[in-house]
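Asker: Structure below; questions to follow.
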Amino acid sequence: MCGFTGWFESDGVVDAAALVRMRDAIAHRGPDDAGLELLDQGRAGLAFRRLSILDLSPAGHQPMASADGTRWIIFNGEVYNFAEIRAELEANGEAFRSGTDTEVILRAYERWGEQCLQRFIGMFALLIWDGNRRRLFAARDRLGIKPLFWNLERGRLLLSSELRAIMAAPGFEPVLDGGALLHFFERGYVNAPATALANVRSLEPGHFLTWSPGDAEPRIERYWSSLDAVGAGAPGRSVEALEEELADLLASSVRYRLISDVPLGAFLSGGLDSSLVVALMREAGASEVKTFTIGFEDAAHDEADAARAIAQHLGTTHTELKATEAEALAVAARLPDLLDEPFADASFIPTWLVCHLTRQHVTVALSGDGGDELFHGYDTYRSIQRYERALRLPLAARRLAAPLGALAGAKGRRASGALALGDAPDFADAMWPFFARGRAQELLRSHPKPLPDAAWRTRLRSMRRLSAAERLSLHDIHRYLPGDILTKVDRASMATSLEARVPILDHRVVEFAVGVPPEQKLHAGRGKLLLRRVLRRHVPDALVDRPKHGFSVPLGRWLRGPLAPLVERYLGDEALAAQDLLAPGAVREELAGFGRGEVEPGNVWALLVFQMWMTRHGLAQGARIA
């Protein structure tokens, strides 16, 4: 697990000292080693920070060259099946100098070109400079577990693992993206290909990019999508057969993710998904499984007891931290430095705390993320079933009926308004607990237009034969997972120099899940039917059938109490007068509504983290906006 930065010029040359500064802006991603290479007569620069996981020797140093020195790679992540790919290449006469997956990726590219991506099982962002063709090849893994940002202006292409490295480039002038900021206030995060900056893009999951000096724009192509696997499963299979296949897939996925030359453990919340990952680690024969849990003084937000029960049953070496409120609030104050984009999911705070705890003991940790989105675990999937018939009605009829929702209180008004928008994904967006679109536009003085629909969303709209829950799941796989969950885990883990692996999001498991009939996921009002059945092979029912418990914090109480000075500092009258992006009147209305208990804490939190980020990067006043 690492971080990298690439700099490529069409006409000029790379400023090596500046590239080092950009690289070291993300030193937290790789504290063990640093590398730099200038190529193509100084017109191409590759810079790398290494967190050593496989082959700890100098042979794993990056940037790494091909045998003839004409191709170079920098790579963040892991390709878990590299041993099998290496064996295939060796059978064709290839010889290797290291025990790394990095070298296997480079050799695979040399043999199969862009099609090498289809062979990889893993999480990755990679960049290969092909000196023979003077061509850049960059790619991001199928689910978007690892990030990759790029900027192309005035013939200079910059790429990096984090936005902050590009912002540190000489001559870079940030331009805010109004549509992306609108998306942030509606959702709490920004989805690829957009970023908070109009002149920096994020490569979408399952896509690759190619560019040669002089090209006005990079060529970007999709090589994978979960939508391609819809309907691929054989119909009419029994739940027992599906359970068996899923158990085999998950076992394979976990075994792959135990490959490491450094100490390894797992996050354990006590929930179904992380419990299953830990159980499969034990089944895979790990001699010692180290597990880590964060507990809180507030019992309503504490999962430590459930995690302890699972750890005791599975016989793990368990470490638990009872985090104090002061520790959590200290993380909140550091958010602008820990996150280089606006991000309003407050569960980042406990995620960072558990990563910080875990890193004191191991370098790699397995996580249970992905089960809810793949197997209908959220309450949203159950609630959308209640609106299934309504969503099948013509849009005009739903819009005529929308005013009736006012009779059902605030929740009814939100649901009826959501039904009047369109398809299941639109409904889910409107039910999300941040700002409605009209209100989000009122918050921003520029009243920006929404971002255009991504290609996957347009394609999803056409898949009318799917149930609302199935469309919602695909929507979450493409939007919520990479935009929120995986961004949170990547930034929190890498901020502590910890590698986090997500076995449930092995693409083979994802392809299986989207082909499973919805009644085999959401059954008798409960989600994750198949995951529950697999977990029951390892732990008793009493430890499986627990109520779902989110990874949350007492945000409302914090904002009214210990975080109130921070709210005043960034959202008070003086602060609002010193910035020119947010509409002061609209912000004051939100704060007043929160004080009366009429506005959700998440709205105030989104405003606070946004203003903290803007202030940290000097964008609160005078910034350009597109």
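The values are calculated or read from the model by the stated rules, or taken from the named source; none is laboratory data. Small disclaimer: the values here were computed from a predicted structure and weren't measured. All Cβ positions, even for glycine, are placed from backbone atoms using ideal geometry, and neighbour counts span all protein chains on display. Ligands, DNA and RNA are stripped out before the accessible areas are found, and what is left, the full protein with its side chains, is counted by its heavy atoms. Shrake-Rupley method; radii C 1.70, N 1.55, O 1.52, S 1.80 Å.
Asker: Average the reciprocal distances over every distinct pair of alpha-carbons in the chain, invert the result, and give the Kirkwood radius in Å.
Answerer: Hydrodynamic radius (Kirkwood, Cα pairs) of the chain is 25.3 Å.
Asker: Further question: Label Arg282 and Arg569 with points 7 Å out from Cα along Cα→Cβ: what is the distance between them in nm?
Answerer: Each label point is offset 7 Å from its Cα along the Cβ direction, giving 4.5 nm.
Asker: Shifting gears a bit: Please enumerate, by chain and number, the aspartates and glutamates with C-alpha under 15 Å from the C-alpha of Lys449, excluding those fewer than 8 residues away in the same chain.
Answerer: Output for Lys449: Asp177, Glu186.
Asker: Sticking with this structure for a sec: Could you pull out which residues in segment 557-593 have an amide N less than 18 Å from a spot 7 Å beyond the Cα of Glu325, following the Cα-Cβ vector?
Answerer: Those under the cut-off are 557-568.
Asker: Run the numbers for Arg536 and Asn92: contour at 0.36 nm per residue of separation, minus the present Cα-Cα distance, in nm.
Answerer: Full extension from Arg536 to Asn92 adds 155.4 nm.
Asker: My understanding is that a pair violates if its Cα-Cα distance is over 24 Å; which of Lys322/Lys528; Lys322/Lys488; Lys290/Lys488 do that in this structure?
Answerer: From the list (Lys322/Lys528; Lys322/Lys488; Lys290/Lys488), the Cα-Cα distance tops 24 Å for Lys322/Lys528.
Asker: Nearest 0.05, what FRET efficiency do Ala83 and Arg21 give at R0 = 41 Å with Cβ-Cβ as r?
Answerer: FRET efficiency, Ala83 to Arg21: 0.65.
Asker: With a 1.4 Å probe and all protein chains left in place, how much accessible area per residue does the chain have, in Å²?
Answerer: Solvent-accessible surface per residue comes out at 37 Å².
Asker: Explain nothing, just the number: relative contact order of segment 276-377, from Cα pairs under 8 Å at least 6 residues apart, as a whole percent.
Answerer: Relative contact order for segment 276-377 comes out at 28 percent.
Asker: If each DSSP helix of 4+ residues adds -39,500 (n - 2.57) and the sum is divided by the residues in the chain, what number results at 222 nm, nearest 500 deg cm²/dmol?
Answerer: Helix-only estimate at 222 nm: -11500 deg cm²/dmol.
Asker: Along the Cα→Cβ direction, 7 angstrom out, place labels at Glu221 and Ala436. What is the inter-label distance in nm?
Answerer: Taking the simple label geometry, Glu221 and Ala436 are separated by 4.5 nm.
Asker: Let me ask something additional. Determine the dipole magnitude for the chain: charges of +1 sit on the beta-carbon of Lys and Arg, -1 on that of Asp and Glu, nothing else is charged, the reference point is the Cα centre, and the result goes in debye to the nearest 20.
Answerer: 1520
Asker: Rounded to a whole number, what % of the accessible area of the chain do carbon and sulfur atoms account for, probe 1.4 Å?
Answerer: Here carbon and sulfur together make up 51 percent of the probe-accessible area.
Asker: Where the centroid of each part is defined by its Cα atoms, how far is segment 30-47 from segment 555-592 in Å?
Answerer: With segment 30-47 and segment 555-592 each reduced to a Cα centre, they are spaced 43 Å.
Asker: In whole Hz and in residue order, list the ³J(HN,Hα) couplings for segment 569-586 that follow from phi through the Karplus curve 6.51 cos²θ - 1.76 cosθ + 1.60, θ = phi - 60°; x for Gly and Pro.
Answerer: Coupling constants for segment 569-586: 4, 9, 10, x, 4, 5, 5, 5, 5, 8, 10, 10, 10, 7, 7, x, x, 5 Hz.
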